[in-house]
Amino acid sequence: MKRILVIWLLICSAGIGSAMGCSGSDDGVSSNGDGDADSDGDGDADSDADGDTDSDGDGDADSDADGDTDSDADGDADSDADSDTDTDGDTDSDTDTDSDTDADSDTDSDSDTDTDTDADSDTDSDADTDSDTDVDSDTDSDSDTDTDSDTDSDSDGCVSIPARIEAEEYIDFSESDAVNEGTGCDRGDGVDLETTQDTAGGGCNVGWTVANEWLEYCINAGDGGNFSVSTRIASDVAGRSIRIEIDGVDIAGSLTAPTDGWQVYSDVGVGNVSIGPGTHTMRLVQETGDVNVNWIDFGAADGDTDTDTDSDTDSDTDSDTDSDTDSDTDSGPVFHIFLLMGQSNMAGYAIAQASDKVVNERIQMLGYDGNCGRQNNQWQPAVPPMHECYQGAIGPGDWFSKTIIDEYPEGDTIGLVPLAFSGEAVETFMEGGSHYGTIIEKINVAKQAQNGRFEGILFHQGESNNGDPDWPSNVKTLYDQMKAAMGINYDVPFLAGELLYSGGCAGHNTLVNQLPSQGSNFYVISAEGLNVDPADTEWNLHFGHDDTVEFGRRYAAKMTEVLGL
């Protein structure tokens, strides 16, 4: 046997092997003891009794029944057996018969419907001589809900989003005691962890939680953008909630856990959270305690283009044109959102009457606080008072909404975001001011509304900045900051109301009427003919009831005009 092999090799090296079927394989070696290089006893140097020097019975001098002189059964004169097990369910015609030495064993099980027109029949100029063995297990089953569970972390420990962050992957915490009550998971720091029984998976969950405990994580939002945010939470006690903060700002309001049991989890969250570029501190805060947490999931917001953040830099130059552009933008009735900003005259002074309290289900308000039976930061039917409960007052936003709602298509709704603070200067609304955090919190909640669109800002303020020459430019700065917080790339109408023509602040209207010079979307609402509330004998600054109703209607008329309704 050895002698025959040596003779065979000598023949090949002499340059005459090709005439005898020398293709670099050992298909001329006998395995039946008859002195012939065959394995079927027919006296031929083959193994299929057909007289050919092949080993597969197809009559060709090859070993794979495809008629080509190759050794990998892929129909190409190559040797790479390219083990890319791209099982991504792609509707591509790529049989990847690359003439390369790509040992790329990527098991990318991504179910993208790639329109990969690669069809490289043979000469796929794919010069990827990469020997990357990056078994990237990115299970990107991206049929719109990208379940990619890669939690790619930067060298500084930040997780690049979109990504799923397991609860136990915190980088800092606040814990009420130093004993882990759970079993199966323990980081040795007292945070209560246990092996989760969630049917959706996950390694560990946080449990035995107490109010005001928190877990902190570092996230990297890349260039920034809008993200959906959800938490996988469970409880056995009604009314238990958590909140999520980014850089100290609540981004989603209270997230209430279902009460089906400690290990019966549900996804609770919001969509379209705007997160700026770069790294941020994300904190999961136990508002009430008694909430088990399995994970926090940051996904691409509506209209996502499947942003797989897997950081494997596979230098494969294969030009697969993955056209996975999930255009699942929500359709349906629009939720038109207006901000109500200012001080006491926007909050309201005159007492609301029964006619003001007739509910229109198409008009919603975001809870200003937790008083009057209202739910803070939750959408509910708009009924005065929309600001401080103790006033029981009506503001111009009430009849603005009651008037303009008829201009919208049936089925559309209005959302009012009360943001007025009595007696406060404009600087307190701006970045660094005492009310800025609350304003940003409520805008972030409003951004999560389904089919929501920021439509305009109603503004009435100035008494506390009476005569300040910097007031117009500060108002413009405030607008720019609000636009950034809303995350919009268009200008919304900014409607500023004049102050009463009587009283000590009437002179400020000179500055109010300078606002249109700050931008083409700035408008002034006249207070001509409106009167002071008879009950306001102390300040003589506040509009009466009927005057407030009329003022709201004037705001609605101008907004209808500038929006082209």
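Each reported figure results from applying straightforward, stated rules to the coordinates on display, with no laboratory input. Please read these numbers as outputs of a predicted model, since none were measured by experiment. Reconstructed Cβ throughout: ideal geometry from the backbone, glycine too, with neighbour counts over all protein chains shown.
Equivalent-ellipsoid semi-axes (√(5λ), Cα gyration tensor) for segment 195-250, whole Å, largest first?
Largest first, segment 195-250 gives 24, 16, 12 Å.
Taking H placed 1.01 Å from N in the peptide plane, check which residues at least 5 places from E431 or on another chain put their amide H under 5 Å from its amide H.
Here nothing satisfies the definition.
Given an 8 Å cut-off on Cα distances and at least 6 residues of separation, report the relative contact order of segment 201-284 as a percent.
Computed over segment 201-284, the figure is 43 percent.
Could you go through segment 455-463 in sequence order and give the Karplus-derived ³J(HN,Hα) for each residue, using 6.51 cos²θ - 1.76 cosθ + 1.60 with θ = phi - 60°, rounded to whole Hz, and x for Gly and Pro?
10, x, 10, 9, 10, 8, 7, x, 4
Return the long-range amide H neighbours of S274 (sequence gap of 5 or more, or a different chain), with a cut-off of under 5 Å between placed amide H atoms.
Sorted by chain and number, the residues that satisfy this are F227.
Residues with amide H under 5 Å of G222's amide H, sequence separation 5 or more or different chain, H placed in the peptide plane at 1.01 Å from N; which?
Result for G222 returns I161, G278.
Would you mind telling me the antiparallel percentage of the DSSP bridges in segment 442-565, rounded to 5? Working shown, then result.
Values: 1 of 8 bridges.
Approximately 10 percent, going by the DSSP bridge assignments.
On a 22 Å Cα-Cα criterion, which of the cross-link pairs K402/K476; K447/K483; K357/K558; K357/K402; K476/K558; K357/K483 come out too long?
Checking Cα-Cα distances, K402/K476; K357/K558; K357/K483 exceed 22 Å.
For I488 and A354 in one chain, what is 0.36 nm times their gap in residues minus the Cα-Cα distance, to one decimal in nm? Show your work: numbers first, answer last.
Values: separation 134, 0.36 × 134 = 48.24 nm, distance 3.72 nm.
Result: 44.5 nm gained on full extension.
Could you give the length gained on full extension between N513 and D546, defined as 0.36 nm per residue of separation minus the Cα-Cα distance, in nm? Write down the numbers at each step before the final one.
Numbers: separation 33, 0.36 × 33 = 11.88 nm, distance 2.39 nm.
So the extension gain works out to 9.5 nm.
Give the calculated FRET efficiency between D480 and T537 to the nearest 0.05, with a Förster radius of 45 Å applied to their Cβ-Cβ distance. Numbers along the way, then the final one.
Details: r = 39 Å, r/R0 = 0.86.
Efficiency, rounded to the nearest 0.05: 0.70.
Once you have a ≥ b ≥ c as the square roots of the Cα gyration tensor eigenvalues for segment 455-498, tell me rounded if a/c is under 1.5, and otherwise prolate or oblate according to whether a/b is larger than b/c.
Verdict is prolate for segment 455-498.
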